[in-house]
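Undergrad: Have a look at this one.
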């Protein structure tokens, strides 16, 4: 297939031959748990690859074994979802945390160190601060938006750094991380025997507005629950990277049992066709809500990629790394938790719930909800305040959303 074909076209056909499925125009759901081998040698070779006993040869397509290992629906998603990011390979997981945890456990060993931008998604935060250290893996945070020099200074005091992990924009502060700086620090820490990996959680911007591979990311991670699924009706995760790295991740996925199921994969296939147009429309709606927030007297500050108030360096990073600001907004009302709760309880068209990237507009309070696992000191260092509210803008009529939020803010 020609490389000139755009992702929005590619995702309708890649990885599926209708004539192998009775001519079905759209892939059926393959609910089967186990698959038949043509002969014993095919079965032997399939297990060699699945358990990492022998690397996959170039162009080799392993036989299907068992849905914990591989499944046609899962493989179709993996073939298609890389279209925007330009990655070689992908692994689909049962959740975003399944993708993050399985990928980290693939490459980290006792005695290793992971450097991570702070803040990150609450589940990632708990994994890094509380779980990995139990396996003698040291995890060291650095402030989101840190410069190369600041990350280098922190790294100089650490031993056996194996992974530099960035979430960009940071959840929930919407601060962009310098991906190129992360790559340069990782390269400086690498040795001929062991490369330091740069992992990037690209969930907030999604593949439409940001492609971390261009800045040297080895692994790009997504909660596919969010924009990729896009309808708040599934839970899934994705890890993308080179064939060589993702093949290793898939071995871990097989052993941990964190593969996705065929029904979820089928729903993602349904959603990929509208991913780009959904995200572009959500961004259009978000811009209008940002305009309201910036002018409303009860709003202290607004965090949204590219805004001048984010600071000169953040604007520079936005222009360099992104093609659009996306549809996640954080803002601080004047006051504290009580005033923030007043807004949350007053809105009617905004749904009070965690998660993001769905077709409906969601609103939540990071300090007491998504990031409540952090201590008050950790929240303060990360810039998460009592008066902060996070919005994921959906596809409702934006005029209704603006009017609803205006009325709620007027009550503060």
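Undergrad: Please state which one of 170, 149 is surrounded by 23 or more Cβ atoms within 10 Å (Cβ to Cβ) and either outside any loop (DSSP other than H, G, I, E, B) or within 14 Å of the chain's Cα centre (by Cα) (or both).
TA: When all the criteria are applied, what remains is 170.
Yes/no per residue for (1) in contact with a helix residue (DSSP H, G or I) (Cβ under 7 Å, 6 or more places away or on another chain); (2) surrounded by fewer than 22 Cβ atoms within 10 Å (Cβ to Cβ); (3) outside the structural domain of residue 267 (by TED's automatic domain parsing); (4) more than 19 Å from residue 228 (Cα to Cα):
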| site | (1), (2), (3), (4) |
| --- | --- |
| 24 | yes, yes, no, yes |
| 44 | no, yes, yes, yes |
| 80 | yes, no, no, no |
| 85 | yes, no, no, no |
| 95 | no, yes, no, no |
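Undergrad: Could you tell me which numbered condition residue 114 fails, if it satisfies all but one of (1) touching a helix residue (DSSP H, G or I) at 6+ places or on another chain (Cβ under 7 Å); (2) surrounded by 20 or more Cβ atoms within 10 Å (Cβ to Cβ); (3) in a loop (DSSP other than H, G, I, E, B)?
TA: (3)
Table: residues versus (1) surrounded by fewer than 24 Cβ atoms within 10 Å (Cβ to Cβ); (2) closer than 20 Å to residue 97 by Cα; (3) within 12 Å of the chain's Cα centre (by Cα); (4) without any contact (Cβ under 8 Å) to a residue 40 or more places away in the chain.
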residue	(1), (2), (3), (4)
131	yes, yes, no, yes
187	yes, no, no, yes
191	yes, no, no, yes
209	yes, no, no, no
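Undergrad: Additional query: Can you name the residue in region 295-308 that is in contact with a helix residue (DSSP H, G or I) (Cβ under 8 Å, 6 or more places away or on another chain) and farther than 10 Å from residue 325 by Cα and is also surrounded by the fewest Cβ atoms within 10 Å (Cβ to Cβ) among such residues? Lay out the reasoning, then the answer.
TA: Kept after step one, since they are in contact with a helix residue (DSSP H, G or I) (Cβ under 8 Å, 6 or more places away or on another chain), are these residues of region 295-308: 296, 298-299, 301-308.
Retained after the next criterion (residues that are farther than 10 Å from residue 325 by Cα): 296, 298-299, 301-303, 308.
On the way: 296: 17, 298: 17, 299: 20, 301: 17, 302: 21, 303: 24, 308: 8.
Of everything passing the filter in region 295-308, 308 is surrounded by the fewest Cβ atoms within 10 Å (Cβ to Cβ).
Undergrad: Ok, one more. So, residue 18, is that one assigned by TED's automatic domain parsing to the domain that holds residue 244 and under 27 Å from the mean Cα position of the chain (by Cα) or not?
TA: It is false that residue 18 is assigned by TED's automatic domain parsing to the domain that holds residue 244 and under 27 Å from the mean Cα position of the chain (by Cα).
Undergrad: Now a separate question. Just to be sure, is residue 385 touching a residue at least 24 places away in the same chain (Cβ under 8 Å) and either under 21 Å from residue 292 (Cα atoms) or not assigned by TED's automatic domain parsing to the domain that holds residue 176 (or both)?
TA: yes
Undergrad: Of all the residues that make up region 326-346, how many are out of contact with any strand residue (DSSP E or B) (no Cβ under 6 Å at 6 or more places or on another chain), surrounded by fewer than 23 Cβ atoms within 10 Å (Cβ to Cβ) and either part of a loop (DSSP other than H, G, I, E, B) or modelled with pLDDT under 95 (or both)?
TA: The total comes to 2.
Undergrad: I would also like to ask the following. Check off (1) outside the structural domain of residue 206 (by TED's automatic domain parsing); (2) under 28 Å from the mean Cα position of the chain (by Cα); (3) outside any helix (DSSP H, G or I) for residue 53 and give me the number that stays unchecked.
TA: Residue 53 satisfies all of (1) outside the structural domain of residue 206 (by TED's automatic domain parsing); (2) under 28 Å from the mean Cα position of the chain (by Cα); (3) outside any helix (DSSP H, G or I) except (2).
Undergrad: Could you list, in sequence order, all residues of region 210-221 that are touching a helix residue (DSSP H, G or I) at 6+ places or on another chain (Cβ under 7 Å) and on the phi < 0 side of the Ramachandran plot?
TA: Residues satisfying the conditions are 210, 212, 215, 217, 218, 219, 220, 221.
Undergrad: Within region 366-396, which residues are in a loop (DSSP other than H, G, I, E, B), closer than 22 Å to residue 349 by Cα and within 20 Å of the chain's Cα centre (by Cα)?
TA: 366, 369, 370, 393, 394, listed by residue number.
The values are calculated or read from the model by the stated rules, or taken from the named source; none is laboratory data. Just so it is clear, the structure is predicted and the values come from calculations on it, not from any experiment. Reconstructed Cβ throughout: ideal geometry from the backbone, glycine too, with neighbour counts over all protein chains shown.
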